[in-house]
Each structure stands twice: as C-alpha cells, then as structure tokens.
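Below is one structure, written out as structure tokens; the observations come after it.
The values are calculated or read from the model by the stated rules, or taken from the named source; none is laboratory data. Since this is a predicted model, take the numbers as computed values, not measurements. Neighbour counts run over all protein chains shown; Cβ positions are idealised from the backbone, glycine included.
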Amino acid sequence: MKYLFILLFSILAVSGCRLKKTQEQIAEDIIVKAMTDGRWTVTVYNDGTDYLSEFNGYEFQFKSDHTVDAIKNALTEKTGTWLGDGLAMTISSQFPSGSNPTLLRLNGVWKVVNNNWTWVKATQTINGKLTTLELQKK
C-alpha cells in the first residue's frame, strides 16, 4: 500500500509538472484570445502625418494560427501573419511584399504602450519617426 501511494504520488507530480504552463505560454494564450475574438479596425495611424483615411473600410481578423486577414468590402484582400509577445509587450505583423502599400504600413514589431480587451495602442520607430497605431475591436 505504501509503495502504491508513492507510485501514485510520483505519477501525479510528474504529470502535474508537464501540465503547468509557463508565464510566456499563459501570456500568449491571453493575447491570442483577445486578438482572435472579433474583428479590429485601425483608429489611429500617425507618424506626424495622419494616415487614418488610408485604412477606411478595412477590418482585420486575427486568427489563432497566427494569420491575419485584411478585409475590405467583405472580401479578404490579403492575408498576413502576426505574433504577440506578452512578456515583451509587443505585437508583430507582416503582410507580404507586393501588398497594398497601406497594409505594408502595419509591418514590423510594435511596442504595446496601452491596451485593454477592446483596444490596443502601440508604437514603433519607422525611418526615424515615432509611429503610433491604435486598433479598436469592432
């Protein structure tokens, strides 16, 4: 009986270690859940010049496979990739070269400076200019 208890305890301890998620995995799960739950629109894109009008009509659907669809007039115009890093507080996106120049503005690693479940404010320096991007969940 004593050995059965030790064996059972050992099995549970080992399997419990494998079930524990790291902080990085938990942060990524939260980011994926927040980003993939609904469509997003660009509400600010500014580097000293306001480019918001270029994003009129676009919606972005982030997917759990780390792809993102740029949707305009109910049609997927382009599919890119995205990745969130909860520990570094960054989100990166990449639309393929040859895409609409508006979508190429979203490429790169963005530092998340403020956010909640329904909006994100992020910045990145592009060609020496601090660029601000804000997304709002639709």
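What is the residue count in the stretch 91-113 for residues that are without any contact (Cβ under 8 Å) to a residue 24 or more places away in the chain, hydroxyl-bearing (Ser, Thr, Tyr) and in contact with a Phe, Trp or Tyr (Cβ under 8 Å, 6 or more places away or on another chain)?
1
Could you pull out the residue among Thr123, Thr67 that is in contact with a strand residue (DSSP E or B) (Cβ under 9 Å, 6 or more places away or on another chain), within 21 Å of Glu24 (Cα to Cα) and hydroxyl-bearing (Ser, Thr, Tyr)?
Values: Thr123 fails: within 21 Å of Glu24 (Cα to Cα).
Testing whether each residue is in contact with a strand residue (DSSP E or B) (Cβ under 9 Å, 6 or more places away or on another chain), within 21 Å of Glu24 (Cα to Cα) and hydroxyl-bearing (Ser, Thr, Tyr) leaves just Thr67.
What pairs come up if the first residue lies in the stretch 56-81 and is closer than 12 Å to Thr41 by Cα and touching a residue at least 12 places away in the same chain (Cβ under 8 Å), the second is in a strand (DSSP E or B) and among the basic types (Lys, Arg), and their beta carbons are under 6 Å apart, counting only those six or more places apart or on different chains?
These pairs meet every condition: Gly57/Lys72; Tyr58/Lys72; Ala70/Lys78.
List, please: which pairs have Cβ atoms under 7 Å, are six or more places apart or on different chains, and start with a residue in the stretch 114-137 that is polar (S, T, N, Q) and end with one that is surrounded by 14 or more Cβ atoms within 10 Å (Cβ to Cβ) and not in a strand (DSSP E or B)?
Close Cβ pairs satisfying both conditions: Thr131/Asp47.
With (1) surrounded by 16 or more Cβ atoms within 10 Å (Cβ to Cβ); (2) charged (D, E, K, R); (3) modelled with pLDDT under 95 as the list, and Glu134 as the residue in question, which single condition is left unmet?
(3)
Please enumerate the residues belonging to the stretch 31-53 that are under 19 Å from Asn127 (Cα atoms) and touching a strand residue (DSSP E or B) at 6+ places or on another chain (Cβ under 7 Å). Show your work before the answer.
From the stretch 31-53, those under 19 Å from Asn127 (Cα atoms) are 44-52; that's our starting set.
Within the stretch 31-53, Val44, Tyr45, Asn46, Asp47, Gly48, Tyr51, Leu52 meet the criteria.
Would you pick out the residues in the stretch 69-93 that are of a type in the set (A, V, I, L, M, F, W, C) and either over 9 Å from the mean Cα position of the chain (by Cα) or in a loop (DSSP other than H, G, I, E, B) (or both)?
Residues satisfying the conditions are Ala70, Ile71, Ala74, Leu75, Leu87, Ala88, Met89.
Which of the residues that make up the stretch 76-96 are buried (at least 16 other Cβ atoms within 10 Å of the Cβ), closer than 17 Å to Gln124 by Cα and small (Gly, Ala, Ser)?
Gly84, Gly86, Ser92, Ser93
In the stretch 27-64, how many are among the acidic types (Asp, Glu) and modelled with pLDDT under 95?
Going residue by residue through the stretch 27-64, those that are among the acidic types (Asp, Glu) are 28-29, 37, 47, 50, 54, 59.
Within this subset, residues satisfying the condition of being modelled with pLDDT under 95 are 28-29, 37.
So the count comes out to 3.
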